[in-house]
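Worksheet: one structure, shown below.
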Amino acid sequence: MAVEFKHVTLDHGLDIIAEVNPDAHTSAVGFFVKAGSRDETGDVMGVSHFLEHMMFKGTERRTAADVNREFDEIGANYNASTSQEVTNYYAHVLPEYMERAIDLWTDLLRPTLRDDDFNMEKNVILEEIGMYADRPFWVAYEDAMERYFGSHPLNYRVLGTNESIAALKRDQMMAYFEQRYSPDNMVASLSGNIDFDKCVAQIAEATKAWKPSRVTRDYTAPKAEAGDATITRDNVKMHYMVGLCPGPSTQDDSRYAAAVLAHVLGDSEGSRLYWKLIDPGLADEAELSHYGFDKTGTFMFYASCDAAKGEQVESIMHEVLDNAADELEAGEVERAVSKIAMDMMLRSEKPAGRMMALGGQWLYMGEYQPLETELQRVRAITVDDLRALLAAYPLKPRSVVRLTPGDAT
Amino acid sequence: MTDIHTHTYDNGLTLLIEPMAGVGSLAMSLLLPAGAMYEPADRLGVGEVLGEMIFRGAGELDAKAHCDALDRLGLHRSSEITSTHLRLGATMLGDQLDEAMPLLLDMIRRPMLADDTFGPSRTLAVQAIESLDDEPQRRVMIELKRRHLGEPRGRSVMGEIEHLEAMTADDVRDYYAKRFVPRGAILGIAGKVDVDHAIERIGELLGDWSGDAPTAIVEQPGPRGYEHRDQDTQQVHIGLAYDALPEPHADSMTQRLGIAVLSGGMSGRLFTQVREERGLCYSVYATYAAARDHGTVYAYAGTTAQRAAETLEVMSDVLTKLGDGVEADEFERAVVGLKARLVMQGESTAARASAIAGDQFAVDAPRTLEQRAADVEAVTLDKLNDFVAAHRLTDPTTLTIGPTALTSPAS
């Protein structure tokens, strides 16, 4: 049976979208909030992510222990994540538990933010920062983002810093919450075996007291500048390199060409970077990806290798990016298209995958695209599209950050 | 009700096929009896290098041509080494079977294993080991397994740098010839598939394959106890290992439910008592690894140095106190959680292909999702409570990585 798309906008502005598939064995629900580190100010850096944690700490009706217990009672696969631009909350459940999953999320999205929970969870956030500090790629990535975006708010660290988190006050978080978690700044995405009308009625009733805030996002364009930095640390073994350059935004029609280009140049297998760096054993990782943001975008490239090969690997990386347009062949475009189409189809076989795709699409574009339309758009990409993309986004200026062992020369 | 078709070819290869409704994809998982525990004791890592080299040219096609042919189909593929097997996995569309299988099975039957692909493959294997220094969270579990299980089961599947440095391309070819054999090999297929056609097609591709490989091993127990590895890290990474039941044991599902009480969801005891109530860490979990002839419960937490001693104490206390008994509501949540995971597994062709192949090895038969759900339902609260009382999790093997050693709870 074919899937059916449904959409309703509630009076207070909350969009509810769904792909209904009566043959599915499971159901998924997600709330996507247009709130992330780029919506913060420097003094509350990390508040979006910390708030995401606090969303599990309870409401007037539920304690933190109740929340964890109730999700487990329905066997939900549930979690949340925070990026620079989106915070999302989801649950993947058996169809008979959809009502309880919706009851939980619509309640939890109006949290109490109790002081003792806030103070306890602060420790957990500090441990999470510590955990990522033990991951060299992450350290290089955060530094690269900070340098590339400069004074633009996309430079903020999603986790915040030890200092910003330690200083954060509960009232600052509440102020941020009240502004950003308004119904007109989020989308509810449903998929799988669901009764759409029933879900809409339940969400409408549960959120009837929610007030729109007409909050907006600052869309000042970032200034991309060339950069070059090296961090040395005694406690790393390998050499890491992360670089950024401008790319199309998530809304830009050339995002499909950007995805294909990224696969041609920098997929983990069979790409130009693979044959130049991984196949000969020069680097153990070397990839290029397209990251579309809200009305701006980047390509990110990275590699890790033996410290002694750092310079060689980096120069080959630049050579591949410099020569991207010169050597484009129809065959490599065709292979990249096949791989992307396969990824999209596999992700879509599961309701949870569709719920994620729909929610993101609606939040950024305010539109629905059936999988088949997206596949057609990917399959239509040609060498000429990639050339046009490279004329608009020539993979420079590049900002590069290296993290390398302290004793390397 | 799902049907899983089993076909055993004359050469000993077992083929398992689970057709799935409502999916367009097809996944395969091929287990070859070439796991790290069969590697020559002075050539540890040879399987890892072989797993890399089979992607570098097969049949008539050199590395680039072979990779391009797989990419034209958009095929997902991967290889991994475990203690017992080298696994080749792939996901494709159901109607690509005829085109994809010859390319994939050439990697097993006719890999080039050319001299010039050995050097880079070995270099990558060495780099992977070196980069573990930068991944303490992963390294702690690798070293813990080594210390707990001993030789050869506890070996790091990544191998040893000195052995890799002494290795030649002939060592790899020799290992390939001895271990890539059909007897003991298991091919699991799940998804959109025509069963008779698949049996026939795979028979054409693999029917003339022959060979047998010994699977007897000589075991040396691990030193166990407590070990600390000094490293300048932000967090102290703590790993614990306990003996548990092997998969074929009648009570293995009971053991699994017990571990789900500890770590099945966010209301699990470990998450609640270590993270929620004390804020000691971000990541804490326990997991049950059940194999054909042994089982292990592993637990992990990462925390900053000043909280590490308390974290270790709370963790081991929570694990041991499982033996005091489980409440009815905890039991219910564990049951619901395991059953929901089974339904979700049923939405993934790759997960099903891997599960049925793993079942065939562990318990000599594939198990349907319905059978697994019945296994969960067969466990009662009384049975679980009797079990946890009789199988207390005590005396763990403990490994820590970080700036300071801890006092072991066992000492």
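Worth pointing out:
Quick grid of which residues meet (1) modelled with pLDDT under 95; (2) hydrophobic (A, V, I, L, M, F, W, C); (3) closer than 30 Å to B:P223 by Cβ; (4) not assigned by TED's automatic domain parsing to the domain that holds B:L16:
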{"residue": "B:V335", "(1), (2), (3), (4)": "no, yes, no, yes"}
{"residue": "B:S348", "(1), (2), (3), (4)": "no, no, no, yes"}
{"residue": "B:A353", "(1), (2), (3), (4)": "no, yes, no, yes"}
{"residue": "B:F361", "(1), (2), (3), (4)": "no, yes, yes, yes"}
{"residue": "B:D364", "(1), (2), (3), (4)": "no, no, no, yes"}
{"residue": "B:R372", "(1), (2), (3), (4)": "no, no, no, yes"}
{"residue": "B:A378", "(1), (2), (3), (4)": "no, yes, no, yes"}
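- Scanning the range B:81-103 for residues that are of a type in the set (V, I, T), buried (at least 18 other Cβ atoms within 10 Å of the Cβ) and away from chain A (no Cβ under 11 Å) yields a total of 2.
- Restricting attention to the range A:103-153, the residues being of a type in the set (D, E, K, R) and at the interface with chain B (Cβ under 8 Å from one of its Cβ atoms) number 6.
- Restricting attention to the range A:153-180, the residues that are under 18 Å from the mean Cα position of the chain (by Cα) and part of a loop (DSSP other than H, G, I, E, B) total 5.
Quick grid of which residues meet (1) more than 30 Å from B:G239 (Cα to Cα); (2) buried (at least 21 other Cβ atoms within 10 Å of the Cβ):
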{"position": "B:G159", "(1), (2)": "no, yes"}
{"position": "B:H163", "(1), (2)": "no, no"}
{"position": "B:A166", "(1), (2)": "yes, no"}
{"position": "B:A177", "(1), (2)": "yes, no"}
{"position": "B:G188", "(1), (2)": "yes, yes"}
{"position": "B:K192", "(1), (2)": "yes, no"}
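- Number of the condition not met by B:V284 [criteria: (1) crowded, with 21+ Cβ neighbours inside 10 Å; (2) touching a residue at least 40 places away in the same chain (Cβ under 8 Å); (3) more than 8 Å from chain A (Cβ to nearest Cβ)]: (2)
- Test: B:R352 is over 30 Å from B:A328 (Cβ atoms), in contact with a helix residue (DSSP H, G or I) (Cβ under 9 Å, 6 or more places away or on another chain) and of a type in the set (K, R): yes
- Matching residues, the range B:116-134, being more than 7 Å from chain A (Cβ to nearest Cβ) and more than 16 Å from B:E48 (Cα to Cα): B:D116
- Qualifying residue in the range A:276-297 (condition: in contact (Cβ under 8 Å) with a residue 40 or more places away in the chain, closer than 19 Å to A:L403 by Cβ and among the β-branched types (V, I, T)): no
- Any helices (runs of 4 or more DSSP H) falling wholly within the range B:75-156 and containing at least 3 residues that are free of Cβ contacts under 8 Å to residues at least 60 places away in the same chain and within 25 Å of A:D279 (Cβ to Cβ): B:97-109, B:115-131
- Qualifying position, being in contact (Cβ under 8 Å) with a residue 24 or more places away in the chain, buried (at least 23 other Cβ atoms within 10 Å of the Cβ), within 13 Å of another protein chain (Cβ to nearest Cβ) and not hydroxyl-bearing (S, T, Y), among B:Q235, B:Q273, B:Q255: B:Q235
- Listed conditions (1) surrounded by fewer than 18 Cβ atoms within 10 Å (Cβ to Cβ); (2) under 25 Å from A:P95 (Cβ atoms); (3) more than 12 Å from chain A (Cβ to nearest Cβ) are all met by B:A355, apart from (1).
- Flag if A:V29 is more than 24 Å from the chain's Cα centre (by Cα), over 25 Å from A:D115 (Cα atoms) and among the β-branched types (V, I, T): no
- Meets criteria (touching a residue at least 12 places away in the same chain (Cβ under 8 Å), within 11 Å of another protein chain (Cβ to nearest Cβ) and in a strand (DSSP E or B)) for B:T303: yes
- Among the residues making up the range B:310-350, those that are surrounded by fewer than 16 Cβ atoms within 10 Å (Cβ to Cβ) and part of a helix (DSSP H, G or I) are B:E310, B:E313, B:D317, B:K321, B:D324, B:A328, B:D329, B:E332, B:Q345.
So that you can scan it fast, the table gives a plain yes or no per residue for (1) under 23 Å from the mean Cα position of the chain (by Cα); (2) more than 10 Å from chain B (Cβ to nearest Cβ); (3) part of a helix (DSSP H, G or I); (4) closer than 23 Å to A:L14 by Cβ:
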position: A:G331; (1), (2), (3), (4): no, no, yes, no
position: A:K339; (1), (2), (3), (4): yes, no, yes, no
position: A:M342; (1), (2), (3), (4): yes, no, yes, no
position: A:M356; (1), (2), (3), (4): yes, yes, yes, yes
position: A:G359; (1), (2), (3), (4): yes, yes, yes, yes
position: A:Y368; (1), (2), (3), (4): yes, yes, no, yes
position: A:E374; (1), (2), (3), (4): yes, yes, yes, no
position: A:R377; (1), (2), (3), (4): yes, yes, yes, no
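- Answer residue from the range B:55-80, given it is surrounded by 23 or more Cβ atoms within 10 Å (Cβ to Cβ) and more than 8 Å from every other protein chain (Cβ to nearest Cβ) and is farthest from B:L32 (Cα to Cα) among those: B:H66
- Just one of (1) surrounded by fewer than 21 Cβ atoms within 10 Å (Cβ to Cβ); (2) farther than 30 Å from A:T232 by Cα fails for A:A336. It is (1).
The values are calculated or read from the model by the stated rules, or taken from the named source; none is laboratory data. Everything quoted here is computed from the prediction, not taken from an experiment. Note that each Cβ is placed from the backbone with ideal geometry, even for glycine, and that neighbours are counted across all protein chains shown.
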